[in-house]
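Throughout, read-outs are computed from the coordinates displayed, never taken from laboratory work. Predicted model, so just to flag it, every value in this text is computed and none were measured. Neighbour counts are summed over all protein chains in view; Cβ atoms, including those assigned to glycine, are modelled from backbone coordinates with ideal geometry.
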Amino acid sequence: MRNILLHLHPQRVNESAIRFNRTFGLGGMAALLIFGQIITGILLRFYYTPIPAEAYNSVMFTKTQVLFGQFIRNIHYWSGVFLLLIAFLHFLRVFFTGAYRNERMINWLFGLVLLILVVLLNFTGYLLPWDQLAYWAITVSTNIIGYIPLVGESIRTTIISGNELNANTLRTFFTFHTAVLPLLLILIVFYHFWKVRKAGGVLVPKTQEPPVMVPVMPNLVFKEFIVALVLIAVLFTFSALFNAPLLEKANPSYSLNPTKAPWYFAGLQELLMHFHPLFAAFIIPVGVLAFLAWIPFFKYDTVPDGQWFISEKGKKTSVSTAKFAAIITLSGILFNEYILNFEVLLSPVPAFISNGILPVLILIGFMSAYYKYYLKNFNMKKEELVQAVFVFFIVAFIVLTLVGVFFRGKDMALSFLWNV
Ligand code: HEM
């Protein structure tokens, strides 16, 4: 046991790197959830049949006839959701402690790949029960891919092996979900851990005095054990109280209303309701991903020292940018829904201008006025500016997701009743 632990951790660790409020144990929690996903996934695999005619019944059988089948299915479902949320929080914590530069650059990039893999694992798993929810959520999400210019339609038909979901789609999703993606995830997670050690452990603010080094056992291992127990307790309680969704068997000729994408793509689906597909499904998401990948490569003014939010000024500007992003996103949604729709207003103008270039230019105008004001009044450093742009994107994405998940009702119209 000791040897296994010492493959993961060094003998001694910096005392301030293992304080709970440095990492919140998020990376470790993500690793534990991946492990749990693999175990429960193998158990579910014993009864699951990846054929449209039988998939739904096999899930039903697991739910109703197999000892603890429902519970195992719930754990698998909820730990997938938790994994995505926790990996996202870990990504935020890494960003806000500035741990993405110099020797941590590559790990930031591999971290982004891990986040994408976790999304894809959730996405491919979503189809497997082959119920109405699965069928229609995957149909709308893969339709979004079809909006990518030039190659979108051929990517969509390749992914779903045809024009609509069919037996080959299920087999492809099943193979990715149970073999290709988990394998990639495990390999990259090990590389990720190794890079954390190569970088000298978690980034901590430099102090005048030499760091206090303490033995990893029991100092870190005990904390990890407590975090693991609490996580397992929460996950089991959740799984005992809330069943993983399962509607009636998929019916390709009767769509759900509203037909919503899975919750992690609800923000993208919401964006599609306001921007031309070229922008909503391609230019904006690719632009944001490129920005995230480019974050370590900007030329910054100072060396990162692990301070939360860089500085007091960084914290203040992040809070006010978060408020600005929430207000502008919400008002944009309401304005477009109830007051003015550029596509209708400027109808002879091609939609990619009226509903794409124009609103994007307006948004860029708002953002640059806002950042000019901040640069002038707060004399921000480059890293604080990048942090503010990051906060803007993250908050806008969260608001879009919340609106898409909770406030879209029948026919995808805005509705202020809770619509899950
Ligand atoms: C499945 C997903 C992931 C797992 C299992 C994982 C695991 C871990 C663990 C255990 C650590 C060490 C300490 C800690 O808990 O923070 C760590 C650090 C780190 N992770 Fe992740 N991670 C994942 C996803 C990500 C993502 C999405 C990013 C960012 C894009 C990322 C970037 C980093 C970086 C740069 C470090 C070094 C942080 C530092 O030195 O302070 N990881 N990760």
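Magnitude of the charge dipole for region 261-420, about its Cα centre and with charges confined to Cβ atoms of Lys, Arg (+1) and Asp, Glu (-1), is about 360 debye.
Cross-link pairs exceeding 20 Å in C-alpha to C-alpha distance, out of Lys313/Lys382; Lys195/Lys313; Lys260/Lys323; Lys315/Lys381, comprise Lys195/Lys313; Lys260/Lys323. Amide H contacts under 5 Å for Asp131: Ala250, restricted to partners 5 or more places along the chain or on a different chain, H placed in the peptide plane at 1.01 Å from N. Principal axis extents of the Cα atoms in the chain, from largest to smallest and rounded to whole angstrom, are 69, 61, 38. Its residue count N fixes a reference of 2.2 N^0.38 Å for region 1-144, and the Cα radius of gyration divided by that reference is 1.29.
Each Lys and Arg Cβ is given +1 and each Asp and Glu Cβ -1; about its Cα centre, the chain then shows a dipole of about 1080 debye. Binning all Cα-Cα separations of region 159-285 at 10 Å, short to long from zero, yields these whole-percent fractions: 8, 16, 29, 24, 15, 6, 1. Span-like helix check, the chain: qualifying full DSSP H segments, with Cα axial length of 18 Å or more and mean Kyte-Doolittle of 1.0 or more, are 26-45, 69-96, 105-127, 181-198, 216-241, 382-406. Partners of Lys63 within straight-line reach, counting aspartates and glutamates whose Cα lies under 18 Å from its Cα and excluding those fewer than 8 residues away in the same chain: Glu54, Asp131, Glu248.
Here the extension length gained between Ile39 and Ala369 equals 113.7 nm, from 0.36 nm per residue of separation less the Cα-Cα distance. Rounded if a/c is under 1.5, else prolate if a/b is larger than b/c, else oblate: which is region 350-420, with a ≥ b ≥ c the root eigenvalues of its Cα gyration tensor? Cα axes put region 350-420 in the oblate bin. Computed over all pairs of different Cα atoms, the Kirkwood value for the hydrodynamic radius of region 317-371 is 12.2 Å.
Note on Lys299: aspartates and glutamates with a C-alpha under 20 Å away, same-chain residues under 8 apart excluded, are Glu103, Glu383, Glu384. Dipole of region 249-393 computed with +1 at Lys/Arg Cβ and -1 at Asp/Glu Cβ about the Cα centre; of Leu268, Ser320, Leu334, farthest Cα towards the positive end is Ser320. Applying the Karplus relation 6.51 cos²θ - 1.76 cosθ + 1.60 with θ = phi - 60° to region 407-413 yields 3J(HN,Hα) values of 10, 10, x, 3, 6, 6, 7 Hz, where x marks Gly and Pro.
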